[in-house]
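Novice: Dropping the structure in here first, questions after.
The values are calculated or read from the model by the stated rules, or taken from the named source; none is laboratory data. The structure presented is a predicted model; accordingly, all values stated were derived computationally and were not measured. All Cβ positions, glycine included, derive from the backbone under ideal geometry; neighbour counts span all protein chains shown.
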Amino acid sequence: MLRTEVQVRLKLNLNLLLKNKVEVLLYPAQELEQILKEEKESNPFIEEVSVSQRAYQIFEERRQPEVRHEPSEIEKVIRNIRAELDGIDLEIALELLSSTDEKGYFRGSVEKIAETFSVAPEYVEDVREFIMGIDPVGVCSRDFVEFASVQIKDLYPDEKGLLEDLKKLLKGQKVSQDSLLKLRHLRISPLVSGENVYRVARVDAVIELDDGELVGYLYEDFIEIKPSRAYLEMVRRAKGSAREYLKELQERYENFKKILNIRRDNLRRILDEIIRAQEPFLKGEGNLRTLMVKDVAGRLGISESTVSRLINSKYVKTPQGTYPFRFFFVRETVGGVSQEQLMKKIREIIDSEDRKKPLSDDEIASVLKGEGFRVARRTVAKYREILGIPSSRERRLS
């Protein structure tokens, strides 16, 4: 019996590691530091979470804090959709989102939407399934079972029978303890909060010029998690159930450190790839070069989704300004104009606008057209959101 319990516990720890690995990848530096402090409060094996003085010198003294709009969950979905879709696909996606309830479940009719846009219902269904795969995953699911299936594919891709176990559980039937423990980690609804917040932002990385050479710093390189010597000694001395309990806490601490090491090491390698590929731009000697998520993922030996999660909602201060990580991942051209040119121009226009009368996306598109850029309003909105710039309504000073 004891051996079975230990095996279940080991499997649970592994799955918790994988689950938390996915979630921790998403947090920007400011949220990560808070997560670490919360973990310290719940796990006595962590004696201290400290940030070195060097971090404050690099990340705080050389930069004034900025107030940044933190989008709600549904705004994040819309931003990610705009970055991926355009034309009729984008219009259908936005129509699907307008038919979701406050929890993110789809309550509309695929057939009616298909009729509105004169397409087949299968076409709309494909767009709906695409939305469900965008972070935060599961938005536009029809019900909890469909939402659960999306989560299971994301968190437990090798657990083929877990969805069937969930259906059994919902019918009041018994499932294995292992399945029950995993299913308890599933979220009940795709969206939790719909409110917008504003917060002081801290950049996640800094790239500087040092004697003509580019040097990159990650904020989390300067975070140290120190174990409790007292609890380590207690593990060695404890026996029986007390020792098992302490060992569980120790494994949780060790797993958490593994997660953070995975995150830090991969984010460091991505930052190095950005410095290598975009050296001319970072030194002010040229434009951005083509850099694709799939190419970086291939060179680093990790999945595209891992790279995408790591660069999401994270910012880097460079000699040329502060940009989202995603700014440095560009395709060759869009309508004959590089993405970097468009985003740089959009930022310049917004930086010089009257903050009491900020420009709408339509007005920005008109300014660009007057300067020879053939750009649609939705393209302006797409790149503005990639840059992390709020809408004109949110930029307006009262």
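Novice: What number of residues within segment 369-388 are surrounded by fewer than 20 Cβ atoms within 10 Å (Cβ to Cβ) and assigned to a helix (DSSP H, G or I)?
Specialist: 4
Novice: I'd like the residue in segment 123-137 that is in contact (Cβ under 8 Å) with a residue 24 or more places away in the chain and within 13 Å of Asn80 (Cβ to Cβ) and, out of all such residues, is farthest from the chain's Cα centre (by Cα).
Specialist: Phe130
Novice: Restricting to helices (runs of 4 or more DSSP H) lying wholly in segment 232-344: which have 3 or more residues that are touching a residue at least 24 places away in the same chain (Cβ under 8 Å) and either over 29 Å from Val49 (Cβ atoms) or over 25 Å from the mean Cα position of the chain (by Cα) (or both)?
Specialist: So the answer is 240-277, 279-282, 293-300.
Novice: Oh, and also: Here's a check for you: in segment 325-352, which residue that is of a type in the set (A, V, I, L, M) and modelled with pLDDT of 85 or more is surrounded by the most Cβ atoms within 10 Å (Cβ to Cβ)?
Specialist: Filtering first and then ranking leaves Ile346.
Novice: Being surrounded by fewer than 20 Cβ atoms within 10 Å (Cβ to Cβ) and touching a Phe, Trp or Tyr at 6+ places or on another chain (Cβ under 9 Å) is true for just one of Glu254, Glu244, Glu285. Which residue is that?
Specialist: Glu254
Novice: Restricting attention to segment 345-368, which residues are within 23 Å of Thr322 (Cβ to Cβ) and part of a loop (DSSP other than H, G, I, E, B)?
Specialist: The answer is Ser352, Glu353, Asp354, Arg355, Pro358, Leu359.
Novice: Further question: Testing Lys294 on (1) outside the structural domain of Leu218 (by TED's automatic domain parsing); (2) basic (Lys, Arg); (3) surrounded by fewer than 16 Cβ atoms within 10 Å (Cβ to Cβ), one condition comes back false. Which one is that?
Specialist: For Lys294, the exception is condition (1).
Novice: Looking at this structure, is Ser179 polar (S, T, N, Q), at pLDDT 90 or above and more than 29 Å from Leu267 (Cα to Cα)?
Specialist: No: the conditions fail for Ser179.
Novice: Another question, if that's okay. Any chance you could count how many residues in segment 87-105 are in a loop (DSSP other than H, G, I, E, B) and either touching a residue at least 24 places away in the same chain (Cβ under 8 Å) or farther than 15 Å from Phe147 by Cβ (or both)?
Specialist: Total satisfying the criteria: 4.
Novice: Let me ask you something else. From the residues in segment 297-324 that are hydrophobic (A, V, I, L, M, F, W, C) and closer than 21 Å to Ile134 by Cβ, which one is surrounded by the most Cβ atoms within 10 Å (Cβ to Cβ)?
Specialist: Result: Val307.
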